[in-house]
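Novice: Below: one structure in structure tokens.
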Amino acid sequence: MNNFKFIDTPEAPAAIGPYSQAVVAGEWVFASGQIPIDPATGEVVEGGIVEQTDRVLNNLIAVLREAGGSLNDVVKTTVYLADMGTFVEMNEVYARHFGDHRPARATVQAGALPKSVAVEIDLIAHIPS
């Protein structure tokens, strides 16, 4: 029997399929990809890549907070962009959120993202007991 904890917070969008916002396995948190949905409205935020990246990272912060952590605990992120031409703007928002913390990261252009959004980000964090 596993000792997984499944994260479910109203401060981030509810999972729209058979998955969890995140799974905690021991000291590790595996956060599902977040897209720029405002949890208060259930709608994609208005605006471009800047507003969407900000919303995605705020959603991930809420998921991490529910798991007992923060962005400072993040070890690895994967950023999926609908258009690699938006990388610079996404990266500026990403850098503001992470500050001096520099987790490993992959950034790829996806063929399509859910709800035709501009960005999705997932992450792995380590939260020591």
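Novice: Looking only at segment 1-33, count every residue that is more than 16 Å from Ile124 (Cβ to Cβ) and among the charged types (D, E, K, R) and tell me the total.
Specialist: Total satisfying the criteria: 2.
Novice: Here's something else I'd like to know. Kindly establish whether Val119 is touching a Pro at 6+ places or on another chain (Cβ under 7 Å), of a type in the set (A, V, I, L, M), surrounded by 14 or more Cβ atoms within 10 Å (Cβ to Cβ) and on the phi < 0 side of the Ramachandran plot.
Specialist: yes
Novice: Kindly indicate whether any position in segment 79-88 is modelled with pLDDT of 95 or more, in a loop (DSSP other than H, G, I, E, B) and either surrounded by fewer than 16 Cβ atoms within 10 Å (Cβ to Cβ) or not small (Gly, Ala, Ser) (or both).
Specialist: Yes, segment 79-88 contains a residue that is modelled with pLDDT of 95 or more, in a loop (DSSP other than H, G, I, E, B) and either surrounded by fewer than 16 Cβ atoms within 10 Å (Cβ to Cβ) or not small (Gly, Ala, Ser) (or both).
Novice: If you don't mind, there's one more thing I want to ask. Are any of the residues in segment 104-114 farther than 26 Å from Pro10 by Cβ, surrounded by 15 or more Cβ atoms within 10 Å (Cβ to Cβ) and touching a helix residue (DSSP H, G or I) at 6+ places or on another chain (Cβ under 9 Å)?
Specialist: Looking through segment 104-114, at least one residue is farther than 26 Å from Pro10 by Cβ, surrounded by 15 or more Cβ atoms within 10 Å (Cβ to Cβ) and touching a helix residue (DSSP H, G or I) at 6+ places or on another chain (Cβ under 9 Å).
The values are calculated or read from the model by the stated rules, or taken from the named source; none is laboratory data. Predicted model only: the values in this text are computed from it and were never measured. Because the Cβ atoms are built from the backbone with ideal geometry, glycine has one as well, and the counts that use them run over all protein chains shown.
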